[in-house]
Structures are given as structure tokens and as C-alpha cells.
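Some notes on the structure that comes next.
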């Protein structure tokens, strides 16, 4: 089933525009880091110094999730599809049958883990359904990109998404309940119908 879904997304969706789009949103240097910079600018504009602290707390939360993901990768020893079935998958920009670079192991997907951690964190802290929907949409697209590019099996992306959502929620919950600056942010983001 895992391989069937992988090949359906990886080959059945094949299109030059999707090749470029999914490659772009799967890159840390050209997508994740600039997005993090824009988020920092927004948070500073809205919350001033507390915005910097909030961004740093988010970075620590995502970093903790990333470290856990790397630890789990070497505990499960489950290879990525671009290694395990390199002759079956499409890898845009690479010759057929070429194993992908980076780490051999792929359970869980750290890209999915990191983006879902950030989405859960922002959804809780910003107390807004619009933030929650926007952040999770970006996280979902990043997760799909890892399957489309044959970097991870769907199960590896799903595991990363679930772990990331839990890590993000825990990081936000700790901040909201134990860090004084988060109380000021909580007051500024108050909504009549909170999501938690």
C-alpha cells in the first residue's frame, strides 16, 4: 500500500510545473529559511521584543523535533524509497535509478516533522483558525513534496507529521503556561472563540 501510494503521487502526478513547485518547497535554503525570516519579521512587527522571543521558542521547538527525528531515523533503519526502489521511482533532475543524496534512512520525514511542529505551534499560539489552516496547508504541501520527489514513503511523511504536531503542541503549551512573555502575547491574540 505504501509503495502504491508513493508511485501514484510520484509518477501519476508527474508534471513539469509540479516538479519545479515541489522541488522548491522541499528546499531549506530557498523556501524554509526565507519563510522563517518572513515569520520573524511579522512577529517582531506585531509583538515587538516578545515576537523575537516567540520566534526563538518556535525555533527551539522545531529544533528539538528535528533532533528527535534524526534519532528515530537511526533507530528504525527504514530506507528512503529513492534508495530502496531507486529503479522504480521518478526523481526530477536525476538519471533514472540514481540513489538520492543525503541520509539513507527516512523514518520519520524530518521535513514533515518540522513543518507540522511549526504549524501546530503557531495554531496554538496565534489562536486563529486562519493561522492554523494556513500553516497546516503549507506543512501538508511540504509533506506531499517529499513523496512526489521520492524522498520518503507516505508512512514516513505521516509519522513525521504526527510526531511534529505533538512536539509543536507541547512546545506551545509549555510556553503559554510557563513563560511570562507568552501571557502578554496571549492577551494580544485573544479571540472570543479560542481553538484550545
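The values are calculated or read from the model by the stated rules, or taken from the named source; none is laboratory data. Since we're looking at a predicted model, the values are computed, not measured. Note: ideal-geometry Cβ built from the backbone for every residue, glycine included; neighbour counts use all protein chains shown.
The table below gives the values:
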read-out	value
Condition check for residue 145: surrounded by 21 or more Cβ atoms within 10 Å (Cβ to Cβ) and under 27 Å from residue 10 (Cβ atoms)	yes
Selected residue (only one of 64, 112 is closer than 30 Å to residue 183 by Cα and either without any contact (Cβ under 8 Å) to a residue 60 or more places away in the chain or in contact with a helix residue (DSSP H, G or I) (Cβ under 6 Å, 6 or more places away or on another chain) (or both))	112
Residues of the stretch 69-89 that turn out to be touching a helix residue (DSSP H, G or I) at 6+ places or on another chain (Cβ under 8 Å) and buried (at least 18 other Cβ atoms within 10 Å of the Cβ), as a count	7
Hey, residue 28 on the phi > 0 side of the Ramachandran plot and at pLDDT below 95 or not	no
Wholly within the stretch 118-196, helices (runs of 4 or more DSSP H) carrying at least 3 residues that are in contact (Cβ under 8 Å) with a residue 12 or more places away in the chain and more than 30 Å from residue 2 (Cα to Cα)	154-178, 180-188
Number of positions in the stretch 9-22 that are in a helix (DSSP H, G or I) and under 22 Å from the mean Cα position of the chain (by Cα)	8
